[in-house]
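Engineer: Would you mind keeping the following structure in view while I ask a few things?
The values are calculated or read from the model by the stated rules, or taken from the named source; none is laboratory data. Just so it is clear, the structure is predicted and the values come from calculations on it, not from any experiment. Here the Cβ positions follow ideal geometry from the backbone for every residue, glycine too, while neighbour counts run over all protein chains shown.
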């Protein structure tokens, strides 16, 4: 969805022309329970011309594909005795076993702080843990490290500034 009615809130080249309060009103139009069901919230900023035409390239699609296939294989092996096939399909019992238990102790305070400061529901709590599990799988890591959890938390919805 657009970040605001005019579409330019947070744009690097063009200023938002929305009146005060319009941005938060616009973003609240989608209900909290619906937004709570989404796992990832990512701002996609404008891509500058020199970035599109420059020589620098990111990771190749083949490299990313191989990492995703390996992560999916890890998930399939882990969940072989479960009705779930992927991390996103895990229920509360699987989340406890495969996400909470492998969470490194150093990450526990971060999770507690995020729950409190972001006002996360139980559903959001489980979703953050499942995303952290997936990030750890993509990094070929059995434990869920603090860095994996921090990245997952960053993908939660943020209100208008």
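Engineer: From the set of residues in segment 85-97 that are assigned to a helix (DSSP H, G or I) and touching a residue at least 40 places away in the same chain (Cβ under 8 Å), which is surrounded by the most Cβ atoms within 10 Å (Cβ to Cβ)?
Structural biologist: Of everything passing the filter in segment 85-97, 87 is surrounded by the most Cβ atoms within 10 Å (Cβ to Cβ).
Engineer: Residue check, residue 82 against (1) surrounded by 12 or more Cβ atoms within 10 Å (Cβ to Cβ); (2) in contact (Cβ under 8 Å) with a residue 12 or more places away in the chain; (3) not in a loop (DSSP other than H, G, I, E, B), all met but one. Which one?
Structural biologist: Only one criterion is unmet by residue 82, namely (3).
Engineer: Test of understanding: among 147, 128, which residue is in a helix (DSSP H, G or I), free of Cβ contacts under 8 Å to residues at least 40 places away in the same chain and in contact with a helix residue (DSSP H, G or I) (Cβ under 8 Å, 6 or more places away or on another chain)?
Structural biologist: 128
Engineer: Separate question: Looking only at segment 11-25, count how many residues are closer than 16 Å to residue 43 by Cα, free of Cβ contacts under 8 Å to residues at least 40 places away in the same chain and surrounded by 14 or more Cβ atoms within 10 Å (Cβ to Cβ).
Structural biologist: 2
Engineer: Which residue, of 29, 37, is exposed (fewer than 12 other Cβ atoms within 10 Å of the Cβ) and touching a residue at least 24 places away in the same chain (Cβ under 8 Å)?
Structural biologist: 37
Engineer: Would you call residue 16 touching a strand residue (DSSP E or B) at 6+ places or on another chain (Cβ under 7 Å) and either at pLDDT 95 or above or not in a helix (DSSP H, G or I) (or both)?
Structural biologist: When the stated conditions are applied, residue 16 does not pass them.
Engineer: So, in segment 93-107, how many residues would count as being within 29 Å of residue 31 (Cα to Cα) and either out of contact with any helix residue (DSSP H, G or I) (no Cβ under 8 Å at 6 or more places or on another chain) or at pLDDT below 95 (or both)?
Structural biologist: 3
Engineer: Sticking with this one: Residue 65 - would you say it is part of a helix (DSSP H, G or I), surrounded by 15 or more Cβ atoms within 10 Å (Cβ to Cβ) and out of contact with any helix residue (DSSP H, G or I) (no Cβ under 6 Å at 6 or more places or on another chain)?
Structural biologist: The answer is no for residue 65.
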